[in-house]
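The values are calculated or read from the model by the stated rules, or taken from the named source; none is laboratory data. A quick note: this is a predicted structure, and the numbers were derived from the prediction, not measured. Counting neighbours? That spans all protein chains shown, and the Cβs are built from the backbone with ideal geometry, glycine included. Ligands, DNA and RNA are excluded from the accessible area calculation, which covers all protein heavy atoms including side chains. Shrake-Rupley method; radii C 1.70, N 1.55, O 1.52, S 1.80 Å.
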Amino acid sequence: MAVYTVIDGAQLQALLSSLNLGRLRAFTGVADGVENTTYFVTTEPARTNSTLSDSREWVLTILETDNSSQSAFCAALMAYLRRAGLPVPLLAGDRNRNTIHHIVGKSAMLASRAPGAHPDDISADHCAAIGQFLGQMHLATVAYPYQRVNPFGLNWASTAIAALPREEESSRCLINEQLLRWRKLDKRANDLPVGVIHGDLFCDNALFVDGKLSAVIDFQSACTDWLLLDVAIAINDWSSTEDGQLDTKLASALLDGYQTQRVFTASERDVWQDVLCIAATRFWLSRLLSRRQGPAGGGIELTGRLGKDPEQYARILRHRMNDVVALPRSLFDPQGPLM
């Protein structure tokens with residue numbers, strides 16, 4: 001992992017002052033994420049009646065890709081989900097309520113740092129909470145005026161595979177097989193429910209306090225796509241063993257948790273294995289590209305907790321081509337629940 005954009009205290013203080021957030025005490029680069037730069041920031045709050053000033057801990061995300069429409073989508077969605085009562089960090093806004101700021105010539109967001117930590121030893125309770133969150137989010141955004149399509153969808157994947165170096169030829173063959181699967185599903189999946197998805201709800205994007213979900217973070221990949229894809233992305237990360245196999249207990253807990261909020265449709269059950277493979281392919285491909293590109297602009301190398309190893313998703317894909325946990329049926333389904 002890397003901090004791609006290096007900043008100094010004076011630059012950060014200027015941003016804090018513009019937002020009336022007090023005096024900078026400390027900041028440090030964070031070894032999480034692949035596409036953006038993250039810093040933890042500690043401040044001494046300003047003397048004001050503003051609610052924001054009460055927070056002393058912040059997360060600064062410097063957006064390494066200049067995509068104003070994606071940033072605006074992300075910020076608006078986070079505010080919408082907070083109003084809906086979901087555990088999402090509060091973004092700091094200026095006097096005009098703008099939550100997209102600028103530092104060293106790049107767009108940035110400053111969010112309140114939520115309490116808790118990423119789970120190291122994932123349990124069924126963790127997975128159930130993640131499933132419930134996704135179900136709540138998908139229901140809460142049914143009427144959301146979304147327009148942003150998936151920037152990491154089929155069009156992206158078809159272009160990205162051409163950027164793989166020659167030494168990845170063996171990977172290219174299997175990925176091409178999965179792109180064919182993706183294209184076939186895209187043509188026939190007209191009845192799959194579509195809506196707003198997080199798109200990256202990995203273990204390092206969720207925080208827990210005493211076993212309870214305290215926050216879901218990093219909505220930079222949020223977009224519009226099949227709702228089932230969001231579930232598949234979470235399943236592949238939260239319930240995979242080191243060798244890529246599916247932990248059926250964890251997977252079932254996540255799926256059951258989801259269905260306490262939203263019931264899977266028959267069309268979703270029919271294509272579940274396809275979507276699991278597509279989700280694995282998407283992250284395998286993006287990690288291969290990130291490994292090739294490396295840190296930009298002389299960034300500072302850091303060692304991430306998860307390593308972001310592309311081969312992890314190659315292993316997951318190979319297993320998903322053979323092993324799945326079936327989506328549960330509704331208790332009201334006349335065919336009864338799947339066992």
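List of remarks:
- Helix axis angle, 227-238 relative to the chain longest principal axis, alpha carbon, degrees: 80 degrees
- Dipole of the chain, positive direction: furthest Cα of Val324, Gly153, Asn67, with charges on the beta-carbon: Asn67
- Ranked packing of 209-216, 273-280, most packed first, by mean Cβ within 10 Å: 273-280, 209-216
- Degrees between helix 68-83 axis and first principal axis of the chain (Cα, 0 to 90, nearest 10): 90 degrees
- Crossing angle, helix 310-320 versus the chain [Cα axis fit, 0-90 degrees, rounded to tens]: 30 degrees
- Test item: Cα-centred dipole of the range 1-154, Lys/Arg +1 and Asp/Glu -1 on Cβ, debye: 640 debye
- Heavy-atom accessible area, probed at 1.4 angstrom with all protein chains present, ranks Ser158, Ser17 as Ser17, Ser158, highest first.
- Surface share of carbon and sulfur [accessible, 1.4 angstrom probe, percent] for the chain: 49 percent
- In sequence order, calculated HN-Hα J values of the range 195-202 (Karplus, 6.51, -1.76, 1.60; Hz; x Gly/Pro): x, 6, 10, 5, x, 7, 7, 8
- Only Lys, Arg, Asp and Glu carry charge here, each on its Cβ (+1 for the first two, -1 for the last two); on that basis the chain has a dipole of about 800 debye about its Cα centre.
- Solvent exposure of the range 69-174 amounts to 51 Å² per residue of accessible area, where only protein heavy atoms count and the probe is 1.4 Å.
- Here the 3J(HN,Hα) profile of the range 264-277, calculated from phi with Karplus coefficients 6.51, -1.76 and 1.60 at θ = phi - 60°, is 5, 8, 4, 5, 5, 5, 5, 10, 4, 5, 4, 5, 4, 5 Hz, Gly and Pro shown as x.
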